[in-house]
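Chemist: Before we start, here is the structure in question, set down as structure tokens.
The values are calculated or read from the model by the stated rules, or taken from the named source; none is laboratory data. What you see is a predicted model, and the numbers here were worked out from it, not measured in a lab. As a convention, Cβ positions derive from the backbone with ideal geometry for all residues, glycine included, and neighbour counts pool all protein chains shown. For the accessible areas, the whole protein counts, side chains as well, though only heavy atoms, and no ligand, DNA or RNA atoms are used. Shrake-Rupley method; radii C 1.70, N 1.55, O 1.52, S 1.80 Å.
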Amino acid sequence: SIPLFSSGGNSGSISVAVQAIGYAVQMGAKLSNNSWGYQGASSLSLAAAIVGARNAGHIFVAAAGNDGVDNDTNSYFPTNYYGVIDNMVSVAAFDRNDKMATFSQYGNNRVTLGAPGVAIYSTFRN
């Protein structure tokens, strides 16, 4: 079975994230979108999983975070592995006017790019 975070989507563990990365690589995924993260210390097991994914030709996309702070001076993972592990893409949130969302985290050295993340039209009905 596929390892998942809690059904509410608000908590999880690094060990489950490591399992999920391994599962994606095992199933042949070449890219993963990881819209999750945590403040705190780096995790050797998480870094190793992302490096293992890199070695399998996998690109690891991570959300920059939603606390509106500079990731160059704040610890936020996994996005802060950008610039350290070379298969990482760290994505900040922009609005439909190409302005950074007020909640989005940023960083000249720890964030790769911005993408639509707020007030974006979708194909969802109603």
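Chemist: Give me the net charge for the shell around Y76: Cβ to Cβ below 11 angstrom, other residues only, Lys and Arg +1, Asp and Glu -1.
Modeler: Taking every other residue near Y76 into account, the sum is -2.
Chemist: If you count only protein heavy atoms with a 1.4 Å probe, what accessible area per residue comes out for the chain, rounded to a whole Å²?
Modeler: Values: 7670 Å² over 126 residues.
Using a 1.4 Å probe on heavy atoms only, each residue of the chain averages 61 Å².
Chemist: Each residue of region 25-39 in turn: what ³J(HN,Hα) in whole Hz from Karplus with 6.51, -1.76, 1.60 and θ = phi - 60°, glycine and Pro shown as x?
Modeler: With the stated coefficients, region 25-39 comes to 5, 4, 7, x, 5, 9, 8, 9, 9, 10, 8, 7, x, 8, 8 Hz.
Chemist: Could you give the angle, 0 to 90 degrees to the nearest 10, between helix 44-55's Cα long axis and the longest principal axis of the Cα atoms of the chain?
Modeler: Tilt of helix 44-55: around 90 degrees.
Chemist: Taking all protein chains in place and a 1.4 Å probe, what share, in percent, of the accessible surface of region 30-112 do carbon and sulfur account for?
Modeler: The C+S portion of the solvent-accessible surface of region 30-112 is 48 percent.
Chemist: In whole Å, what is the distance between the alpha-carbon centres of region 97-126 and region 36-78?
Modeler: Result: 18 Å between the Cα centres.
Chemist: Next question, about the same structure. Using R₀ = 35 Å, calculate the FRET efficiency as 1/(1 + (r/R₀)^6) where r is the Cβ-Cβ separation of S122 and D86; round to 0.05.
Modeler: For R0 = 35 Å, the calculated efficiency reads 0.65.
Chemist: Work out, step by step, the length gained on full extension between Q26 and A41: first 0.36 nm times the residue separation, then minus their alpha carbon distance; give nm to one decimal. Don't skip to the answer; put the middle values down first.
Modeler: On the way: separation 15, 0.36 × 15 = 5.40 nm, distance 2.70 nm.
2.7 nm is the gain from fully extending Q26 to A41.
Chemist: Can you run phi through the Karplus equation (6.51, -1.76, 1.60; θ = phi - 60°) for region 14-23 and list ³J(HN,Hα) in whole Hz, with x for Gly and Pro?
Modeler: Couplings: 4, 4, 5, 4, 4, 4, 5, 4, x, 5 Hz.
Chemist: From the square roots a ≥ b ≥ c of the eigenvalues of the alpha-carbon gyration tensor of region 30-126, which class results: rounded (a/c under 1.5), prolate (a/b over b/c), or oblate?
Modeler: Here region 30-126 falls in the oblate category.
Chemist: Please find, in a Gaussian network model of the chain (springs between Cα atoms separated by less than 10 Å), the residue of I14, I50, I59 whose mean-square fluctuation is greatest.
Modeler: Most flexible of the set in this elastic network: I14.
Chemist: Could I ask something else about it? If you plug each phi of region 93-98 into the Karplus form 6.51 cos²θ - 1.76 cosθ + 1.60 with θ = phi - 60°, what whole-Hz ³J(HN,Hα) values come out, in order, with x for Gly and Pro?
Modeler: Each residue of region 93-98 in turn: 9, 10, 9, 5, 9, 6 Hz.
Chemist: Would you grab the residues whose amide H sits under 5 Å from the one on N71? Only those 5+ places off in sequence or on another chain, please, with H modelled 1.01 Å from N.
Modeler: Y106, G107
Chemist: Who wins for biggest fluctuation among S45, S35, S11 in a Gaussian network model of the chain, springs between alpha carbons below 10 Å?
Modeler: Greatest mean-square fluctuation among the candidates belongs to S11.
Chemist: Something else now. To the nearest 500 deg cm²/dmol, what mean residue ellipticity at 222 nm is calculated for the chain from DSSP H runs of n ≥ 4 alone, each contributing -39,500 (n - 2.57), summed and divided by the residues? Numbers along the way, then the final one.
Modeler: Working: 2 runs with 25 residues, N = 126.
Helix contribution divided over all residues of the chain: -6000 deg cm²/dmol.
Chemist: Here is a further query. For the chain, give the magnitude of the charge dipole about the Cα centre (Cβ charges: +1 Lys/Arg, -1 Asp/Glu; no others), in debye to the nearest 20.
Modeler: That gives the chain a dipole magnitude of about 320 debye.
Chemist: Starting from the amide H of I59, placed 1.01 Å from N in the peptide plane, find each other amide H under 5 Å away whose residue is 5 or more places distant or on another chain.
Modeler: L31, S32
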